[in-house]
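For reference, the structure discussed in these notes is given below.
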Amino acid sequence: MDTVLRGARIADGTGGEPYEGDVGIAEGRVAALGEPGSLTGSRVIDGTGLVLAPGFIDMHAHSDLQVLAEPGHLAKISQGVTTEVLGQDGLSYAPVDDSTLAALRAQLAGWNDDPPGFDWNWRSVGEYLDRLDEGIAVNAAYLVPQGSVRMLAVGFEDRPATESELDTMRGLVAEGMAQGAFGLSSGLTYTPGMYADTDELVALCEVTAEHGGYYSPHHRSYGAGALEAFGEMVEVSRRSGCPLHLAHATMNFSVNKGRAPELLSLLDDALDDGCDITLDTYPYLPGATYLSALLPSWAAEGGLDATLARLSDPDTRERIRAEMEETGSDGAHGVPIDWDAIEINGVRAPANAHLVGHSVAASATAQGRAPSDLYFDVLRSERLGTSCLMHVGHEENVRAIMRHRTHTGGSDGLLVGDRPHPRAWGTFPRYLGRYVRELGVLSLAECVAHLTGRAARRLRLPDRGLVREGYAADLVLFDPETVADTATFDQPRQQAQGIPYVFVNGVAAIDDGRPTGALAGGSLRSSGRTA
């Protein structure tokens, strides 16, 4: 063996009771399993007192750009994440042409930054995956982003697609799937993907299903219309025959406090009726997005310049303010904005740095201004490139949903900004430390299965997600007594504790608690098989 992990408790990803044993690694694979002390190798790591698990799978990641800009990817590898699913929320950088790439770089700067001098040397899904293969720390799967596809075929217009445009979108989805994507994502509170109606989504999901993929929507509302929005996604799955994976399946805002059981009942009824449904969540209360996402969809129609023009017009600003504060915009999930709950956590202009870490309401009060005026002016000065936290979650909902029989883990983590959400650095150790050890919401074996084997099944990965002979040696060793997230909202870029070893394809990425800088990951590609 190249490496033997000796005498750890093996939580193998199935949910079964952990057992003590040795795991031998050779040529990037799990080469042997044995009784404690039975295997020998060139290097032996003592796992006494540690738990050995498959590498964690982040089912909802926003590392599309940063995994290339910072390929060592300490935020994720230090958590034990060995595979991420990119292309989320219907917005990413492939497939694109020159025009849509420019628009996406501007629109997603609050999520992913727009590093000067970065080499954008791809346009197709396959070319993006090739770029990942040049060297990254983790494995990465990709979803075709429906909003980017609509941008290519229709632009930023709020209208139904023509039959010709729909055919173009079908072709783009089929091409992306054939090049290795695992499914289709949507961001139905983000422009331009939100302009698609149910029939359009069904048509694209039919193509996705034909290629063996699944549909992962950020649906139309996590607030006032949350249950109806979840129901629409179940309908899309039923009509198209496409498996459904509900992204960050939370029930947020005051209108949904204590209503997780209603969501779970809806999903259980569909599952019992034969639907193929899974979901992911992060173990935190606040959400995060770019600040302009809260605007009404009509105010963002036409793209960046059209949006900025509306924010400069006094009459239009007042119309937007009234909708956001009095009735609730679709971008803000149909709930009137509580400016105390919206915290600016990342800016691009140095002149706005003083706003970071404060709510829009607090900053506006300090300046003697209306919160909406500050909001509009920040968006203008930042050219929409600002990120925010939304303090809208409920602990009882978080706990109830993570117990569900189809639950998996996803960080939804943004890696850029002055104070990014700590979930980007802390999601997986937080599950193990807070929700397993401290609160007992899940057992250790259950939690590991949620974060590994169950996620691998959704991705249809034939050789990852379990500790088994012949499987890829994506493995993590953690101390169940000390594993914990240390990232906080004030200090979000903090390495987890209690995770001394992480292996990606048999290569140590974290070795005795220290990052090695190894770039042993790369793209995972679906087989393009027919369901």
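The values are calculated or read from the model by the stated rules, or taken from the named source; none is laboratory data. Source: prediction; values computed, not measured. Note that each Cβ is placed from the backbone with ideal geometry, even for glycine, and that neighbours are counted across all protein chains shown. Just the protein is used for accessible areas: all its heavy atoms, side chains included, with ligands, DNA and RNA removed. Shrake-Rupley method; radii C 1.70, N 1.55, O 1.52, S 1.80 Å.
Here residue 106 clears all of (1) open to solvent by 10 Å² or more (accessible area, probe 1.4 Å); (2) at pLDDT 95 or above except the condition numbered (2). Scanning segment 448-476 for residues being more than 9 Å from residue 13 (Cα to Cα), of a type in the set (A, V, I, L, M) and not in a loop (DSSP other than H, G, I, E, B) gives a total of 6.
Among 4, 23, 44, 30, which is the only one that is in contact with a strand residue (DSSP E or B) (Cβ under 8 Å, 6 or more places away or on another chain), among the β-branched types (Val, Ile, Thr), in a strand (DSSP E or B) and open to solvent by 10 Å² or more (accessible area, probe 1.4 Å)?
Details: 4 fails: open to solvent by 10 Å² or more (accessible area, probe 1.4 Å); 23 fails: open to solvent by 10 Å² or more (accessible area, probe 1.4 Å); 30 fails: open to solvent by 10 Å² or more (accessible area, probe 1.4 Å).
Of 4, 23, 44, 30, the one residue that is in contact with a strand residue (DSSP E or B) (Cβ under 8 Å, 6 or more places away or on another chain), among the β-branched types (Val, Ile, Thr), in a strand (DSSP E or B) and open to solvent by 10 Å² or more (accessible area, probe 1.4 Å) is 44.
In segment 332-344 there is at least one residue matching the filter, namely being farther than 18 Å from residue 189 by Cα, buried (at least 22 other Cβ atoms within 10 Å of the Cβ) and of a type outside the set (S, T, N, Q).
Within segment 7-20, being among the hydrophobic types (A, V, I, L, M, F, W, C) and either in a strand (DSSP E or B) or open to solvent by 30 Å² or more (accessible area, probe 1.4 Å) (or both) holds for 8, 10. Per the listing 135, 147, 183, 176, the residue uniquely open to solvent by less than 10 Å² (accessible area, probe 1.4 Å), within 30 Å of residue 77 (Cα to Cα) and more than 17 Å from the chain's Cα centre (by Cα) is 176. Is it the case that segment 352-360 has a residue that's within 15 Å of residue 289 (Cα to Cα), of a type outside the set (Ser, Thr, Tyr) and assigned to a loop (DSSP other than H, G, I, E, B)? Yes - at least one qualifying residue is present in segment 352-360.
Rundown of residues vs (1) among the polar types (S, T, N, Q); (2) in a strand (DSSP E or B); (3) modelled with pLDDT under 95, yes/no style:
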residue	(1), (2), (3)
324	no, no, no
334	no, no, yes
366	no, no, no
372	yes, no, no
376	no, no, no
385	no, no, yes
388	no, yes, yes
398	no, no, no
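Within segment 266-308, which residues are over 24 Å from residue 385 (Cα atoms), open to solvent by less than 20 Å² (accessible area, probe 1.4 Å), out of contact with any Leu (no Cβ under 8 Å at 6 or more places or on another chain) and part of a helix (DSSP H, G or I)? Answer for segment 266-308, where residues must be over 24 Å from residue 385 (Cα atoms), open to solvent by less than 20 Å² (accessible area, probe 1.4 Å), out of contact with any Leu (no Cβ under 8 Å at 6 or more places or on another chain) and part of a helix (DSSP H, G or I): just 270. Annotation: residue 459 fulfils all but one of (1) open to solvent by 10 Å² or more (accessible area, probe 1.4 Å); (2) modelled with pLDDT of 95 or more; (3) over 19 Å from residue 17 (Cα atoms); (4) not small (Gly, Ala, Ser); the unmet one is (1). With respect to (1) more than 20 Å from the chain's Cα centre (by Cα); (2) crowded, with 21+ Cβ neighbours inside 10 Å, the lone exception for residue 142 is condition (1).
Please go through segment 52-72 and give me each residue that is farther than 22 Å from residue 287 by Cα and open to solvent by less than 10 Å² (accessible area, probe 1.4 Å), ordered by number.
So in segment 52-72, the residues farther than 22 Å from residue 287 by Cα come out as 52-55, 68-72.
52, 53, 54, 55, listed by residue number.
For segment 130-187, taking the residues that are in contact with an Asp or Glu (Cβ under 9 Å, 6 or more places away or on another chain) and of a type in the set (D, E, K, R), the one that is nearest to residue 332 (Cα to Cα) is identified as 158.
Residues of segment 472-496 that are surrounded by fewer than 19 Cβ atoms within 10 Å (Cβ to Cβ) and either over 22 Å from the mean Cα position of the chain (by Cα) or under 30 Å from residue 174 (Cα atoms) (or both): 479, 480, 481, 482.
Here is a yes/no grid of residues against (1) hydroxyl-bearing (Ser, Thr, Tyr); (2) at pLDDT below 95; (3) surrounded by 19 or more Cβ atoms within 10 Å (Cβ to Cβ):
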{"residue": "369", "(1), (2), (3)": "no, no, no"}
{"residue": "379", "(1), (2), (3)": "no, no, yes"}
{"residue": "415", "(1), (2), (3)": "no, no, yes"}
{"residue": "420", "(1), (2), (3)": "no, yes, yes"}
{"residue": "429", "(1), (2), (3)": "no, no, yes"}
{"residue": "440", "(1), (2), (3)": "no, no, no"}
{"residue": "448", "(1), (2), (3)": "no, no, yes"}
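Restricting segment 497-531 to residues that are assigned to a loop (DSSP other than H, G, I, E, B) and within 14 Å of residue 82 (Cβ to Cβ), the residue that is nearest to the chain's Cα centre (by Cα) is 524.
Of all the listed residues (329, 312, 363), the sole one being among the hydroxyl-bearing types (Ser, Thr, Tyr) and open to solvent by 50 Å² or more (accessible area, probe 1.4 Å) is 312.
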